[in-house]
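So the structure is just underneath, and the comments pick up after that.
The values are calculated or read from the model by the stated rules, or taken from the named source; none is laboratory data. From a predicted model like this one, the values you see are computed outputs, not experimental measurements. Here Cβ is always computed from backbone atoms with ideal geometry, including for glycine, and neighbour counts include all displayed protein chains.
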Amino acid sequence: MRLVLRGVGFVIGAWAATLVIGLLTDIFPWFWLPVAMGALIWVISRTQPWLKTTPIASLFAGAVATGTTFTYCLSTKPIGARFGSLAFSGPALFVLGLIFGVVMVLFLGRGFANRSSAPLTKWLVVPVVAGCMVGYLSGGIGGANHMHGFMTSMFHITQEQAEVVVRWLRKTIHFTAYGLVGYSLFRAAIAGKTPRINAVIFALLTVLCLASFDEIRQTTAPNRSGSPWDVMLDLSGAASFALIGALTIASAPRKRSVA
């Protein structure tokens, strides 16, 4: 119980510190997005009996929140230039990176040191990494305009053709990437010996938080446009991969015990 309380206290302190840093810079009011996403994932984690009894429930949510916050702020400041009206100072980025590093070390250390949580931790690392990638690429840096130029120069196609190719390519990447995240979350829940239906629900709720943050963040970038349809696409990918995992586990032949 003490370890759980310490983990909760540390995560709350980390969120508070990052929020104060955000208030002292120009990136508010959108700074609340990764913090709110992390809080929602924490609530989801604490409602999972198989996860809340381990020492990593709060640390998992904290790793996602602080990692996404760090890369979110990192993406608002291209090297040597301000990105729109957003900028983050070097010392602030250092503090955020340090907070994320400490939370990640605690998450991995506590997760793999405990026999019951080790099988969960190896799967939960995937959504943490995905959160960092979403935090960085959901802004202007991840816009499609960079891919258009690459397609036209590499394959010698017109701008209109490049836009069609890039559109479908990005949709495929979204579906597959969030599918892999959903599958990893599902496998983590299964490793915690939870029923398959509960594992699927946990995966979809967590992916919903990540996908919603992704699309809302895109609306803040001048060269991006978030869409609820993309959230549904991401959820479809997560549901498809999780269901494949559920069917695979259900159909796996059981080993006969040798008398």
Notebook entry, point to check: Can you find a residue in segment 68-78 that is modelled with pLDDT under 55 and farther than 30 Å from ILE190 by Cβ?
Noted result: yes
Next item on the list: Return yes or no: is GLY135 of a type outside the set (Ser, Thr, Tyr), within 15 Å of the chain's Cα centre (by Cα) and crowded, with 19+ Cβ neighbours inside 10 Å?
Entry: yes
Notebook entry, point to check: Taking segment 86-144 only, how many residues are at pLDDT 90 or above and of a type in the set (Ser, Thr, Tyr)?
Noted result: 2
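Kindly indicate whether any position in segment 17-26 is at pLDDT 80 or above and more than 24 Å from GLN218 (Cα to Cα). It would help to see each step written out before you state the result.
In the first step, residues of segment 17-26 are kept if they are at pLDDT 80 or above; the result is none.
Within segment 17-26, none of the residues are at pLDDT 80 or above and more than 24 Å from GLN218 (Cα to Cα).
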